[in-house]
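Here is the structure we will look at.
Rule-based calculations on the coordinates, nothing more; no lab input. All figures in this text were calculated on a predicted structure; none of them were measured in a lab. Reconstructed Cβ throughout: ideal geometry from the backbone, glycine too, with neighbour counts over all protein chains shown.
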């Protein structure tokens, strides 16, 4: 990144510097140099987030554990390709974890993406998102759940099916009998709404 | 409108729904569009919020242990590859390919030579035809030149072919042999690396005379340093424990460096190895690799002004290795070794005599108790003067 651009980014109005993200960037840079201690530090910070996401996506702890290992090994190998301008370290690592889970989900095969399968999955997601005990979530996680529950029902469901179950826009559109453009817009707006909540939380 | 289109394309990208080609096209567009990069960043942050909404669970400890193991395996593979790996193979096969090409070029020349000289032998005697030179071919001024087109190769061509085939076979054998040696060397390297990376593999110490401050101690003599280095190399497996002495043939060892010679014709003092482990009291004489000549050091006047010296050594596993020469104790001194357990009782480990040559003594050494371990060395000279060297290891000393 051009140092001038970097300076402009950090001084952009309404975008306070995120100390945590900067710390993570430093750790990633060290991992790119082959520092295993830094990888261990990243693991301590994000293992729970990654593992929880993978458990939610894959549904069983053994696979989630293997996928967690695969995720951090991918982080180790790809750290030198991380670009701070493209994404925050946390988002970058979470997307790697999601990619690992998607590969495993695709390998399982899902069968036809029809309405009953969609409704069954949505029901399962509803139980997961609202069935967990409060103590299992910290303040940030609770804020994210609350934000998700505030989204219009169709938007929240489409978003979770796309992100957590790997359904494509086309498959969701077919299963819900909605136009593809509608589904794309719903998912897009849902992601932006959640982003706004996250920004608001960090202040 | 453009902004909407950007968002529309960014969402499938963030959710990994694009095909490989579409993904690459999108990434190229991102490289030149800050707006698109910002779009993607915002969408990924929204996705992060979704991930954070999951009920938090800690992975079990074995997950990180598994990551460490896989990282160690990857590093081991990379080390072996970089030593003699793909680069060597490539150069080896490049050499073989160059030889094959050379053979083909030679064969082509042989064919052309046969064409120019005419047929030889019965195999081609009946098959001759005159070919009109084509526009691309240079014409020859000799009318007697005949071009041979034969379906059967001449005996000289057959011989040349056989020779080339033999060469290729020999080259293949060489490549196989070199690859075996590469594998062996990689294995040796891996073992050495494992040895050296083991924490606490060798822990060095110095036995000091009882009650003597370190500041007044004499430096370690050159002979003693050499003896200690040889003992260390033996301990690490870099050289074999070859038993060498005057008149004995060299003992070949896979790990021994070149240049190991019998003790004749060198001015290197042989190193005497004394093993007091497991109740054995064996002594062998060992020269070790040839080194630069070392000037003989004058024997100290022990009685008059003997500057006390420390006994250098190291702990390797459950053994302590100590080195003595005339700079530490008087020639002819008997050195006895004692250890004291946690309850204070002394136990004799054996003794050795220090002659003109450096002596390396290996004794069992255990620091496994909570109180550590101790080693006491008593050196008794001919005149009855004795020196006591003491070493006490704290608990947990050594690997």
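Cβ crowding within 10 Å ranks B:108, B:238 as B:108, B:238, fewest other Cβ atoms first. For B:175, B:328, the sequence from fewest to most other C-beta atoms within 10 Å is B:175, B:328.
Restricting the calculation to alpha carbons of the stretch B:311-350 gives Rg and Dmax of 12.3, 34 angstrom. Ordering B:99, A:144 by the number of other Cβ atoms within 10 Å of each residue's own Cβ, fewest first, gives B:99, A:144. Averaged over the residues of peptide A:162-170, the number of Cβ atoms from other protein chains lying within 10 Å of each residue's Cβ is 4. Other protein chain C-beta atoms within 10 Å of residue C-beta, averaged over A:41-50: 3. Within 10 Å of the Cβ of each residue in A:88-99, the mean number of Cβ atoms contributed by other protein chains is 4. Using only the C-alpha atoms, the convex hull of the stretch A:155-195 corresponds to 52 Å³ per residue.
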